1. Give me the base-10 log of I(q)/I(0) for segment 220-364 at each q in 0.18, 0.19, 0.20 Å⁻¹, Debye formula, one uniform scatterer per Cα, rounded to two decimals.
2. When all C-alpha to C-alpha distances in segment 43-112 are sorted into bins of 10 Å, what percent of pairs does each bin hold, rounded to whole numbers?
3. Measure off, as a whole percent, the carbon and sulfur share of the 1.4 Å-probe accessible area of the chain, all protein chains present.
4. Measuring with a 1.4 Å probe in the full set of protein chains, what accessible area per residue, in whole Å², belongs to the chain?
5. Give or take rounding to whole Å, what are the principal axis extents of the alpha carbon atoms in segment 411-512, in descending order?
6. Could you tell me whether segment 121-255 comes out rounded, prolate or oblate from its Cα gyration tensor? Rule is a ≥ b ≥ c as square roots of the eigenvalues, rounded for a/c under 1.5, then prolate if a/b exceeds b/c, otherwise oblate.
7. Relative to a virtual label point 7 Å from the Cα of Ala212 in the Cα→beta-carbon direction, which members of segment 77-101 show backbone nitrogen distances below 20 Å?
8. Quick one: what are the phi-derived ³J(HN,Hα) couplings along segment 343-351, Karplus 6.51/-1.76/1.60 with θ = phi - 60°, whole Hz, x for glycine and proline?
Amino acid sequence: MTRPATVTATTPTGVPPRAGRRQWAALVVLMLPVLLVSVDNTVLSFALPEISTALQPSAAGQLWIVDVYSLVLAGLLVAMGSMGDRFGRRKLLLTGASGFAVVSVLAAFSTSAEQLITARAVLGFFGAMIMPATLSLLRSTFLDREQRRLAIAVWASGFAAGSALGPIVGGVLLEHFAWGSVFLVAVPVLVPLLIAGPLLLTESRDPAPGPADPFSVLLSLAAMAPVVAAIKLLATDGFVWPVAALALVGVGSGWLFVRRQLARPRPLLDVRLFTNPVFAGSVLVNLLAVVALVAFLFFTTQHLQLVVGLRPLQAALTLVPGLAVMILAGLGVVRVVRWLRPRTIVAIGLASAALAYAAVFATAGAPVVVFVVAFAFVGLGVGAAETISNDLIIAAVPANRAGAASAVSETAYEVGAVLGTAVLGSMLTAIYRGALVVPAGVPTEAGEAARETLGGAVAVSDGLPDSLAGPLLHAATDAFDHGLVATAGVGALVMVAAVVVALTTLRRASSAD
């Protein structure tokens, strides 16, 4: 018989009980889906060149292959967090893990860009079941504040590091297997969860959940999807009338969503939480930190492979130092926060990410070592900011609403992942397309394919004579690096803005919150 974990047990002295071996073992089990779902955000980074060659997606299609997963995930996280509060977080976690494993196999054998986009969307659906459950189960498993902070640090480090680990995993797999292997890796990771989860994880739910609200779920999706679609269309077609139409639909749906949440006694998302500056600031810091991470990975992985010419495994190894720094920073701030205020730690971390972008911006055609060091600085900032912001978010709400708060945190993460590629990635694509001058003599069809993506240029150059292939590749890589430098400059400005946000909104946050 399982014990509801929504109770806030205390010892006879009134102090919450400390976790034992079973609880720490449960944390290990929970980290499996956390790593997998976050790895899936970026695992395609190194596979994109092979996917571009095999499936020949358009520029917009390539961005959708990357983004549709995070888009669906972000749109459903709040709804799934509410479902976990209602029906049981462990049940939702195991259901999502089962579906994720099955659909990963289907994605691995996609034969067209459309099939892969569809599979990635369904993966986002099942991934949305997994993520809110993991963080809310931590809240109910670790009742002691210090232990919970360490558990959240492990969770946040795993979540952030998983995004950095994705390209590394992809690089290792692609060195030996076809691109579909980046999806098949989900199966051996999730099987241990499905076996050990029922034994180690205690079911928890909200004892008094509010009514179901499917209309709010639809509004949340209608708010996000059109805006992201508008950004992608703007990058590929310029400012055409569908861009404005999609943006208006998204903004209008967002306004209706907020109005509906304010009017309901038990909203799907308690938007009043955002009146708390610490909560709102932590969510925004979470989002901007992930924008920094995902955007940096998006252009770095392509630069290292398609411009520098590194093999997938070689390119993946250049990210290992940054991954190590990210994990150490995420865990190390648990001790540092005893002496420094949260806003100071977050501001220093985000400033390091700003320096990383500035370094890439200042060194056009930078050698590989610049990207290695820069990614280490990004890892420092993201690791520290993710741990602190997630801890502040979870501490701001009562235990019975942990699922909803967890969903807000993870929604910020996934929206950041979407914006990292949708905004900065689309900006890079638009500059590349505008800067590319196709050499005279290149067939029209080949020139159009090259103008879509850098991967397309590399693919079509293989079928051209050397007298045309060389100049086309040179023009394409120059255009890509031109866009990379401009995107890095914008990224640096975004991170400076994030530092300002942290310093102003987290003034009242303390390590004892």
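The values are calculated or read from the model by the stated rules, or taken from the named source; none is laboratory data. Quick caveat: nothing in here was measured; it's all calculated off a predicted structure. Neighbour counts run over all protein chains shown; Cβ positions are idealised from the backbone, glycine included. These accessible areas exclude ligands, DNA and RNA; they are computed on the full protein's heavy atoms, side chains included. Shrake-Rupley method; radii C 1.70, N 1.55, O 1.52, S 1.80 Å.
1. These q points yield log10 I(q)/I(0) values of -1.18, -1.19, -1.21.
2. 16, 41, 27, 14, 2
3. On the way: 13510 of 19240 Å².
On the chain, the fraction of accessible area on carbon and sulfur atoms equals 70 percent.
4. Values: 19240 Å² over 513 residues.
Counting only protein heavy atoms, the per-residue value for the chain is 38 Å².
5. 67, 23, 18
6. Working: a/c = 2.26, a/b = 1.27, b/c = 1.77.
Here segment 121-255 falls in the oblate category.
7. Taking a point 7 Å out along Cα→Cβ of Ala212, the residues of segment 77-101 whose backbone N falls under 20 Å are 77-97, 99.
8. Values, residue by residue: 5, 5, 4, 5, 4, 5, x, 5, 5 Hz.
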